[in-house]
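Okay, structure first, notes after.
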Amino acid sequence: MKILSLLIALTLSAAAATGCAKKSLSPESVPLDRVECARCRMLISTDTGVGQIVSATDETRFYDDIGCLAADWRTRSGDGRAFVRIGSGRWSDAMDASFARPAAVVTAMGSGIVAFALPADARAADREGRALTFDEVVRASGDPE
């Protein structure tokens, strides 16, 4: 009987620990044509130039434009991580990416900001030859802190 009680207690403890485990802070697939941008509320219909804030405690927030992501990042609270889709189609932590404003690029909400894996690629694409960090993009987003 003691062994059975011990097994039940261990099983319940393991189940509780699993249920309370934090979710992984990694990018999620964007549910295209089924989710709105968390900032501007436009339906996200392409995963080009998108971003997201993933949190262990809140629902993932998806963005149709890096400019929307940057503006929301300024006012965030909690433990979230920002991710952006770079040109190769893979996700990158926004803090590791480099950003540019290429002359001919049109983005969903008109920010014109594009993410790159390497600073050299961002500089080569940028209309002024600059590579911006995510912090610089956030500061330039124009919303009050």
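For Val30, neighbours were defined as the other residues whose beta-carbon sits under 14 Å from its Cβ, and their charges (Lys and Arg +1, Asp and Glu -1) total -3. Among residues other than Arg101 with Cβ under 10 Å from its Cβ, the summed charge is 0 (Lys and Arg +1, Asp and Glu -1). The Cα atoms of region 24-139 give a gyration tensor whose axes a ≥ b ≥ c have a/c of 1.5 or more with a/b greater than b/c, which makes the shape prolate.
One chain, two ends: Arg139 and Asp58. Fully extended at 0.36 nm per residue, the span grows by 26.8 nm beyond their Cα-Cα distance. Rounded to whole numbers, the Karplus 3J(HN,Hα) couplings from phi for region 32-43 are 3, 6, 10, 9, 9, 4, 5, 9, 9, 6, 6, 5 Hz, using 6.51 cos²θ - 1.76 cosθ + 1.60 with θ = phi - 60°, and x at Gly and Pro. Shown for Met109, Met42: other C-beta atoms within 10 Å of each C-beta, ranked fewest to most, produce the order Met42, Met109. Among residues other than Arg90 with Cβ under 14 Å from its Cβ, the summed charge is -4 (Lys and Arg +1, Asp and Glu -1). Ordering 64-72, 114-122, 86-94 by mean Cβ neighbour count within 10 Å, with the highest value first, yields 64-72, 114-122, 86-94.
Every number in this text was worked out from the coordinates using simple rules, so none of it is lab data. As the structure is a computational prediction, the values presented were derived from the model and not from experiment. Methodologically, a virtual Cβ is constructed for each residue, glycine included, from the backbone with ideal geometry; neighbour enumeration extends over all protein chains shown.
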